[in-house]
Amino acid sequence: MSFGAARSLRAQRADSARAGVRRIGADSNRAKIPKPPLSPRRAFLYSLALPGYSQSVLGRPTAGALFVLTESIALVMLRESAADLREARRFRTDSLVVIGYVDPGGGAPVTPITQTSAYNDRLVDIRRGHVEDWIAFIVANHLFAAADAYVAAHLWDLPTQISVESRRDGAVLAAKVAW
């Protein structure tokens, strides 16, 4: 007698190849992770082009202001060094420099006071080195700002507390990171 064979038994499961695979919903934890305002790559490129920009977008205005201030000072110093280099090149061919005039009075002719020129090839090379140093500093500032922005984009939602305390035996730096 086989009246029980017509019904499916509870312990049996349908063949997944014939019935089709049932999809499980998307990972619920993945949807809860907030995304940074800038991707790390975009943050790197933006701060490489304009130091401090990505830091301000990522909510780090102090770091951004520091990179902008550093860039501004470096650009001013580059301008000054370039002006000094142009001056040294312009006066390099002079052998004597007039530093003043003596007026003996009583109708005598005014005589110039001269000094041997300090502008020579060595001074031009030194001032050229100053210009190159400031250019290298500006490039380094761009790279540091870009690297900082890249790391900040990865860690932008990490809550931290940093404090510095002054004690009798020295300063104490403490950092609290919640995981």
Completion exercise
For residue 70 the rounded accessible area (nearest 10 Å², probe 1.4 Å, non-protein molecules ignored) is 40
Exercise for the section: Add +1 for every Lys or Arg and -1 for every Asp or Glu among the other residues with Cβ under 12 Å from the Cβ of residue 80, and state the total. Expected result: +1
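Once you have the Cα-Cα distance between residue 168 and residue 116, take 0.36 nm times their residue separation minus that, and quote the gain in nm to one decimal.
Values: separation 52, 0.36 × 52 = 18.72 nm, distance 5.72 nm.
Stretched out fully, the residue 168 to residue 116 stretch lengthens by 13.0 nm.
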Practice task
Mark the label point 7 Å from the Cα of residue 128 along Cα→Cβ and return the residues of the range 87-105 whose backbone N is within less than 15 Å of it.
Solution key: 87-93
Practice task
With all protein chains present, calculate the accessible area of residue 137 using a 1.4 Å probe and round the result to the nearest 10 Å².
Solution key: 90
Completion exercise
Simple spin-label estimate for residue 157/residue 95, 7 Å along Cα→Cβ, in nm, reads 7.6
Fill in the blank from the handout: For residue 156, the accessible surface traced by a 1.4 Å probe with all protein chains present amounts, in square angstrom to the nearest 10, to 90
Practice task
For every other residue with a beta carbon closer than 14 angstrom to the beta carbon of residue 140, add +1 if it is Lys or Arg and -1 if Asp or Glu, then tell me the sum.
Solution key: -4
Practice task
Name all residues of the range 37-73 having a backbone nitrogen under 13 Å from the label point set 7 Å from the Cα of residue 137 along its Cα→Cβ direction, giving them as ranges.
Solution key: 69-73
Completion exercise
Between the residues 110, 99, 67, the Cα farthest towards the positive end of the dipole of the range 55-133, that dipole coming from +1 and -1 charges on the beta-carbon of Lys, Arg, Asp and Glu, is from 67
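The values are calculated or read from the model by the stated rules, or taken from the named source; none is laboratory data. Keep in mind it's a predicted model, so treat the numbers as computed, not measured. Note: ideal-geometry Cβ built from the backbone for every residue, glycine included; neighbour counts use all protein chains shown. For accessibility, only protein heavy atoms count, side chains too; no ligands or nucleic acids. Shrake-Rupley method; radii C 1.70, N 1.55, O 1.52, S 1.80 Å.
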